[in-house]
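S.K.: Submitted below is the structure of interest, expressed as structure tokens.
The values are calculated or read from the model by the stated rules, or taken from the named source; none is laboratory data. Quick caveat: nothing in here was measured; it's all calculated off a predicted structure. FYI the Cβ positions are ideal-geometry reconstructions off the backbone, even for glycines, and counts take in every protein chain you see. Heavy atoms of the whole protein, side chains included, go into the accessibility calculation; ligands, DNA and RNA do not. Shrake-Rupley method; radii C 1.70, N 1.55, O 1.52, S 1.80 Å.
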Amino acid sequence: MRNILLATAAVSLFALPAAAQSFSQPQWYGTAGYTALDAEGADLGALTGRIGAKVSPNVAFEGEASIGVVDDDVTVGGVTGSVEQDYDAAAYVVGVLPVSPNFEVFGRVGYGTTSIKADVAGVTAEEDGESVNYGAGATYSFDGVNGIRADWTRRDFTDDNGGEVDTYGVSYVRRF
């Protein structure tokens, strides 16, 4: 599955130049939705907002931010506590491959920061991490203005602790 998603992302980033047409101005869009995070043993959830600008039929730039809304229980040394995503923010370059007038697939690559909090036995710890992010997804437009988006993104942390987090999101899309 991962190889299929990476191949989709690569195809999206290098879409045929013949399919390109010039835009006189960017086509702006925003999204609002839910993101599930598989954070190495903790299943977390966040509300995610995104703003983007499609500068050609095949290239877009977007920024996103999330705030955690679903915590998970963890056990450390026999003591139960909780872990939650405080926030994350990231910026991406997006390659878009229109499949039909209402459906497109995309691949994206970017850089972000994530803050995770843990509270075990009254001791609170917060960890911030920088990550290289990459992923793929699809957008379906109902009427040219409103649509739905589903995506997967891997956050590959660059800090000493390293690690990876997979995210799965579903969002409402509004084009301006």
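S.K.: Looking at (1) within 17 Å of the chain's Cα centre (by Cα); (2) modelled with pLDDT under 95, which one does Ser24 not meet, given that it meets all the others?
M.R.: (1)
S.K.: On the given criteria, is Ala138 more than 16 Å from Tyr87 (Cα to Cα), open to solvent by less than 30 Å² (accessible area, probe 1.4 Å) and aliphatic (A, V, I, L, M)?
M.R.: When the stated conditions are applied, Ala138 passes them.
S.K.: Among all residue pairs at least 6 apart or on different chains, which show Cβ distances below 7 Å where the first residue, located in region 96-108, is free of Cβ contacts under 8 Å to residues at least 40 places away in the same chain and the second is part of a strand (DSSP E or B) and β-branched (Val, Ile, Thr)?
M.R.: Val99/Val105; Glu104/Val96; Glu104/Thr139
S.K.: If only one of Gly129, Gly144 is exposed (fewer than 12 other Cβ atoms within 10 Å of the Cβ), small (Gly, Ala, Ser) and modelled with pLDDT under 95, which one is it?
M.R.: Exactly one residue qualifies, and that residue is Gly144.
Residue by residue, here is whether (1) of a type in the set (Lys, Arg); (2) touching a Ser or Thr at 6+ places or on another chain (Cβ under 8 Å) holds:
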| site | (1), (2) |
| --- | --- |
| Thr75 | no, no |
| Val83 | no, no |
| Asp86 | no, yes |
| Pro98 | no, no |
| Asp143 | no, no |
| Tyr168 | no, yes |
| Arg174 | yes, yes |
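S.K.: Yes or no: Val173 open to solvent by less than 30 Å² (accessible area, probe 1.4 Å), farther than 30 Å from Ser100 by Cα and aliphatic (A, V, I, L, M)?
M.R.: no
S.K.: Now for a separate question. Which of the residues spanning region 56-107 are part of a loop (DSSP other than H, G, I, E, B) and either more than 20 Å from Glu127 (Cβ to Cβ) or touching a Cys at 6+ places or on another chain (Cβ under 7 Å) (or both)?
M.R.: Scanning region 56-107 gives Pro57, Asn58, Gly78, Pro101, Asn102.
S.K.: Related question: Identify all residues within region 32-47 that are at pLDDT 95 or above and open to solvent by 10 Å² or more (accessible area, probe 1.4 Å); write none if there are none.
M.R.: Result: Ala32, Gly33, Tyr34, Thr35, Ala36, Leu47.
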